[in-house]
Amino acid sequence: MPNQVPECTDAPAVPPAAEWFLPRDSLQALIECLQEDGYTVIGPVVDQEAITYQVISSVDDLPRGWTEEQSAGRYRLVRRDDEALFGYTVGPHSWKAFLFPPQVTVARADRSSDGRWEMTTPEETVPRHAFLGVRACELAAIAVQDRVFLEGPWVDPVYQARRREVFIVAVHCTQAASTCFCTSMGTGPECRTGFDLALTELEDGFVIQGGSDAGHEILERLDVAVAAPSQSAAAGSARRQAERQIRRHLDTNGLRDLLLNSLDDSQWDAVAGRCLSCTNCTMVCPTCFCSTVTDVPDLSGDHVKRERSWDSCFNVDFSRMSGGVIRNDVRSRYRQWLTHKLASWHDQFGQSGCVGCGRCITWCPPGIDLTEEVAAIRSHQEPIP
């Protein structure tokens, strides 16, 4: 007889400021509650030997018993010695793809029979997404993009519409990769804000916290009990374990001025000799938002789509203007990326553009590590006495 899966039910009201315990076999009920509310659940899955974010319908889709080994320029899936569902860190995908799509049609032009052109803005059916498994650094990345797309003088309507329809189930990290440096950026590994629900995985279930009214409404429909002191203590210990494992460090003291005053440093030449200008770092980055707009006609020439697609400051044509390409060598393009991410981003948005997730280090083919590049520049400007 198949296992009985607890149903999403109406339960007594859940007080807002407590930790609760969700039995391991009740996680499916959480997924079903979200589906009943019209959400398409996006979560981690194993695909092409990496952990990626895709549509899931069941806990059986999750990467049970898998984790990763990550280092500069290296990513490998390996088996764990337990059946943890969230026993990994982060892979090549980020939630950016669901909020700021890699490609979207932003306008259309159609020529009528009298030869006139009519411009329209497509009406997109906005998906309702529930993100399952969002890490602390990723919550910080979403907050960064909220600042970019929602809080400035120009609001991006595509991002705004998608962001409004998102429910976030965060998962506290209980282990760290060698490429993580979220502690340097003040973004993790513990989830503190920006979620509707947050889970800490234990062997027999999840300590769960509500972070919004919507999250507490879901809690009221789940078979949860007040977390026992031993369960809360175990969850806290698991979260602290991840923090202790983080060894990589980025010194952010005076970093903006350091980089902007070091534009002629010899380190830019050194890194240019290794950088392939392949754009990997910007594609996997959860905060990079560079894009380009292209008009794409059909074969008749009577209908044209204006498409916005992800772009990268590492592409040669990205800086092309009427006078030609401004950043026409790898040195200038890498310098533009790093100084924008860690320095001039502060001038634009009042915060760093880096959340310390380490993806740019892992997925760089030659293994360039921005923390080492910054340390080298700092050593040139601030010699050790």
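Condition (residue is more than 30 Å from Trp117 (Cβ to Cβ) and over 22 Å from the mean Cα position of the chain (by Cα)) applied to region 351-368: is it met by at least one residue? Yes, region 351-368 contains a residue that is more than 30 Å from Trp117 (Cβ to Cβ) and over 22 Å from the mean Cα position of the chain (by Cα).
Considering only residues that are in contact with a strand residue (DSSP E or B) (Cβ under 7 Å, 6 or more places away or on another chain) and either crowded, with 19+ Cβ neighbours inside 10 Å or basic (Lys, Arg) (or both), which ones fall in region 51-65? Ile51, Tyr53, Ile56, Leu62, Pro63 - these are the residues of region 51-65 that are in contact with a strand residue (DSSP E or B) (Cβ under 7 Å, 6 or more places away or on another chain) and either crowded, with 19+ Cβ neighbours inside 10 Å or basic (Lys, Arg) (or both).
So that you can scan it fast, the table gives a plain yes or no per residue for (1) in a loop (DSSP other than H, G, I, E, B); (2) in the same structural domain as Cys357 (by TED's automatic domain parsing):
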| position | (1), (2) |
| --- | --- |
| Ser230 | no, no |
| Leu250 | yes, no |
| Asp265 | yes, yes |
| Val271 | no, yes |
| Ser277 | yes, yes |
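Scanning region 227-268 for residues that are acidic (Asp, Glu) and surrounded by 14 or more Cβ atoms within 10 Å (Cβ to Cβ), which turns out farthest from Gln351 (Cα to Cα)? Spell out how you get there, then give the answer.
At the first step, the residues of region 227-268 found to be acidic (Asp, Glu) are 243, 251, 257, 264-265.
Right, trim to surrounded by 14 or more Cβ atoms within 10 Å (Cβ to Cβ) and you get 243, 265.
Details: Glu243: 22, Asp265: 24 Å.
Per the stated criteria, the residue is Asp265.
For Glu83, the test of being in contact (Cβ under 8 Å) with a residue 24 or more places away in the chain and either over 29 Å from Thr279 (Cα atoms) or not in a helix (DSSP H, G or I) (or both) is failed. Note on region 74-98: residues that are farther than 13 Å from Ala50 by Cα, buried (at least 16 other Cβ atoms within 10 Å of the Cβ) and small (Gly, Ala, Ser) amount to 2.
Of all the residues that make up region 110-137, how many are buried (at least 20 other Cβ atoms within 10 Å of the Cβ) and more than 22 Å from Asp37 (Cβ to Cβ)?
First, pick out the residues of region 110-137 that are buried (at least 20 other Cβ atoms within 10 Å of the Cβ): 129-137.
Narrowing the set further to residues that are more than 22 Å from Asp37 (Cβ to Cβ) leaves 135-137.
Summing the residues that are buried (at least 20 other Cβ atoms within 10 Å of the Cβ) and more than 22 Å from Asp37 (Cβ to Cβ) in region 110-137 gives 3.
Cβ-Cβ contacts under 8 Å between residues 6 or more apart (or on different chains), taken from a first residue in region 42-57 that is over 16 Å from Arg79 (Cβ atoms) to a second residue that is charged (D, E, K, R) and part of a strand (DSSP E or B), are listed as Gln54/Asp47.
The values are calculated or read from the model by the stated rules, or taken from the named source; none is laboratory data. Here the structure is a predicted model, which means the values were calculated and not measured. Here the Cβ is made from the backbone with ideal geometry for all residues, glycine too, and neighbour counts use every protein chain on show.
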